[in-house]
Amino acid sequence: MFTAQPYKKLFTYWFALIIYDLTVEFCNQWIKSWKLKEQMTGAARSGKQNIVEGSDGMKTSLKIAIKLTNVAKMSLEELLADYEDFLRQSGLKQWSKNDPRVVEFRNKSSKLVRNLSNLRRLTQRALLPQDPERAANLLLTLAHQATFLLNRQVEALEEKHRKEGGYTEKLYRERKEYRGY
């Protein structure tokens, strides 16, 4: 019987997947520098992949899960700066978080990730706007949402570690119980 990977239950993973796919499309469409394309798509991929690795690493180490989840957040923060640079260098506006267009993006994106069971439908509905200002602001909005959620995820993992300890501590407790001490 097939069981889904644990990371596929995380909102952060789905945000990062959408960000990665749309960043590849964005870069192919509007970024001329090969080096910058590599940096931006690499940061987006790193955000997604570190969520995957952190989720898998949690089986044996909460410390690794915390570290990799934080690396995912840092990668998306790097990507945020690239989108801000793109807007500034292109003479385009970065919209405030209270701009009605950003509010609309936030509402749409939260609906996108709510149905986690159908990846195909999820990615088909995440379309990159054809206007570079709108596209960059959409990706900024998604990245801000993802980094906010990743920060909360790191905090939750840290709390779990405080309460339960790490893998080695768990094994030690189990061994003590087995031996009857």
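Quote to one decimal, in nm, the extra length available between Lys9 and Ser110 on full extension: 0.36 nm per residue of separation minus the C-alpha distance between them.
34.9 nm
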_As I understand it, the dipole of segment 6-179 uses +1 on the Cβ of Lys and Arg and -1 on the Cβ of Asp and Glu, about the Cα centre. Which of Thr60, Ser75, Leu112 lies farthest toward its positive end?_
Thr60
_With Cα atoms, 0 to 90° folded angle of helix 34-57 axis to the chain main axis_ = 30
*At R0 = 41 Å, FRET efficiency that the Cβ-Cβ distance of Ser61 and Gln39 yields, to 0.05*: 0.90
*Give the Rg/Rh ratio for the chain, taking Rg as the radius of gyration of the Cα atoms and Rh as the Kirkwood radius, to two decimals.*
1.07
*With a 10 Å radius around each residue's Cβ, average the other Cβ atoms per peptide and rank 104-112, 12-20, highest first.*
12-20, 104-112
*Separation of the Arg173 and Arg152 label points, Cα + 7 Å toward Cβ, nm*: 2.7
*Neighbourhood charge, 12 Å Cβ-Cβ cut-off, centred on Leu76 and excluding it, Lys, Arg +1 and Asp, Glu -1*: 0
_Taking 21 Å as the cut-off for C-alpha to C-alpha distance, list the pairs among Lys59/Lys163; Lys63/Lys160; Lys48/Lys97; Lys48/Lys111; Lys59/Lys170; Lys8/Lys48 that go past it._
Lys48/Lys97
*Modelled label-to-label distance, Leu127 and Trp30, 7 Å Cα→beta-carbon offset: nm?*
1.7
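No value in this document is a laboratory result; all are computed from the given coordinates. Because the structure is a prediction, the values reported are computed rather than measured. Cβ sites come from the backbone with ideal geometry, for glycine too, and all protein chains shown count toward neighbours.
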